[in-house]
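Only one structure is covered here, and it is reproduced in the block below.
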Amino acid sequence: MNDTESSPRIGQVVQILQGREAGQFAIVIQIVDDRFVLLADGEKRKYDRPKKKNRHHIELLNYISPEVQNSLLETGRVTNGKLRFAISKFVNEVVTDLKKGDQLDGERRCN
């Protein structure tokens, strides 16, 4: 297990692997204990009603939103708009870059 899997951090973007919301992105807003974290995305899962999720059911991504992290550490709260902004920024910067790279990576088939 590497460090990113073993220790989630406040403000870190994760991808949900199992459950009803599988495949969606969310942000860690609180670490409950060594097994569970609280996730919110600002849309379906608001800050006031986060999802308690087992760490084994999420994939920790190598991206921490500085806006969300600073807000949570300074005031203890974050707005739902800021959560939505952080996730859309992550999707626009990182996920679309991966998709562009996938087109050039590996074999190309002509048929």
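Residues whose amide H falls under 5 Å from that of residue 17, counting only those 5 or more places apart or on a different chain, are 23, 58, 59, with hydrogens built in the peptide plane. Packing order of peptides 25-35, 48-58, highest average first: 25-35, 48-58 (average count of other Cβ atoms within 10 Å over each peptide's residues). For residue 20 and residue 63, the FRET efficiency from 1/(1 + (r/R0)^6), where r spans their Cβ atoms and R0 equals 25 Å, is about 0.60. For region 19-91, the alpha carbon positions stretch 27, 26, 24 Å along the principal axes, listed from largest to smallest. Peptides 36-42, 83-89, 13-19 ranked from most to least packed give 36-42, 83-89, 13-19, packing being the mean of other C-beta atoms within 10 angstrom over each peptide's residues. Gain on full extension, evaluated as 0.36 nm per residue between residue 35 and residue 94 minus their Cα-Cα distance, stands at 18.5 nm.
Taken together, the values in this text are just the output of simple stated rules run on the coordinates, not laboratory data. Values in this document were obtained by computation on a predicted structure and should not be read as measured data. All Cβ positions, glycine included, derive from the backbone under ideal geometry; neighbour counts span all protein chains shown.
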